[in-house]
């Protein structure tokens, strides 16, 4: 795991500081994804969001993603930090930062990590609108999804 | 060009601040490339680097890249800042930050921009080693390269 | 009889009105049987597409369920 | 005769020992002819793979060269 890390926090996220923590001396590039609260989704205005996690399982799933990334890709370090609690418009909800000797691997891994995180890590988002609120349900594309309650 | 920007500076680069400047309210994700001074290149230790630019032409080429990116990709904003002058090991030399409604476009555009910048923008790097110094020459893969002095 | 914890998050916590409860089950054959029994108790969960976990790992259905296990029922994740 | 500025950067500035100079040229037919003449004046440039620009645009070779133009000779770029 080298100096990779994965965290959940209710504090605001400093993108630059997280990106910097994954940088080893021999590395050429860091690619960072910064996801944040959109003001409009499908034309509807969001006032704010709340993120909730199944924290111990979320950390385990994040750790698995990083382990798998180190197996699949030629990378140095990975940092994943997801914010929880109430977030205002424009605030960063997630930062994924990947350093690698070659930038291609950093881009590829960062994109793979956000895709997998959105599929597997047990974190949920509640959107608050002027006229209501809703827990957003993902697209449920987990391979191992079981629907035996149907 | 919306609020895209491109700059050359001799000041140190704040990755998070640059990433943040490209974020519009409706956007979903920002992808940021952070390139920095490697300590070792092919086993040889670099002490520090100096970057030099043909400044007005570099800015024109950066502007062209951003214009072309807006034509080719579904993106919101782009920020490119390249540092010039003397840089110590680990210091950031370039930040390219791309925001887009969909993260795929942000990843793709950011990767395209760094590839093109390394090919077309007139900036040169001099590496200083314990036992010498060398101006690094790129791989000269510009399509329009003319070699009529041969 | 075995005793298990059952956790709910987000939409399932809202549907059930609880975030955590202790439940006694007749020793279930596997996770499928255990979760089916729990969902029957809270039919309001049936309008959601559900995912299941046993001891903080996604459950495929065939996992053994033992006394003291931590079960969780939640909807497709939406972090990021 | 026309007068042009010629700029050098990095390796070419080091090879020539100047970063900028004013040069008089017999009215050249095009950029190819102008740059060829300049490079003949500084044969030490020939060990490099060179790129050329006229008025801050990459030159393909056929560009017209006029009095007061800004020419530049440099090696393949290595920024990033």
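Remarks
- Test: residue in segment B:100-108 that is at pLDDT 95 or above, within 22 Å of residue A:35 (Cα to Cα) and in contact with a helix residue (DSSP H, G or I) (Cβ under 6 Å, 6 or more places away or on another chain): yes
- Taking (1) more than 14 Å from the chain's Cα centre (by Cα); (2) surrounded by 23 or more Cβ atoms within 10 Å (Cβ to Cβ) in turn, residue B:62 satisfies each apart from (1).
- Per this entry, residue B:86 is not counted among residues that are surrounded by fewer than 19 Cβ atoms within 10 Å (Cβ to Cβ), over 26 Å from residue A:16 (Cβ atoms) and either at pLDDT 95 or above or out of contact with any strand residue (DSSP E or B) (no Cβ under 9 Å at 6 or more places or on another chain) (or both).
- Residue D:59 meets each of the listed conditions (1) over 25 Å from residue B:50 (Cβ atoms); (2) more than 9 Å from chain B (Cβ to nearest Cβ) apart from (2).
- Entirely in segment B:1-71, the strands (runs of 3 or more DSSP E) that have 2 or more residues that are farther than 23 Å from residue A:98 by Cα, in contact (Cβ under 8 Å) with a residue 60 or more places away in the chain and more than 13 Å from chain A (Cβ to nearest Cβ): B:5-9, B:44-53
- Entry remark, segment C:1-33: residues being in contact with a strand residue (DSSP E or B) (Cβ under 6 Å, 6 or more places away or on another chain) and part of a helix (DSSP H, G or I) number 5 in total.
- If you go through segment A:70-90 and keep only what is under 25 Å from residue A:107 (Cβ atoms) and within 14 Å of the chain's Cα centre (by Cα), you end up with A:78, A:79, A:80, A:81, A:82, A:83.
The values are calculated or read from the model by the stated rules, or taken from the named source; none is laboratory data. All of these numbers come straight from a predicted model, not from anything done at the bench. So basically every Cβ, Gly included, is an ideal-geometry build from the backbone, and we count neighbours across all protein chains shown.
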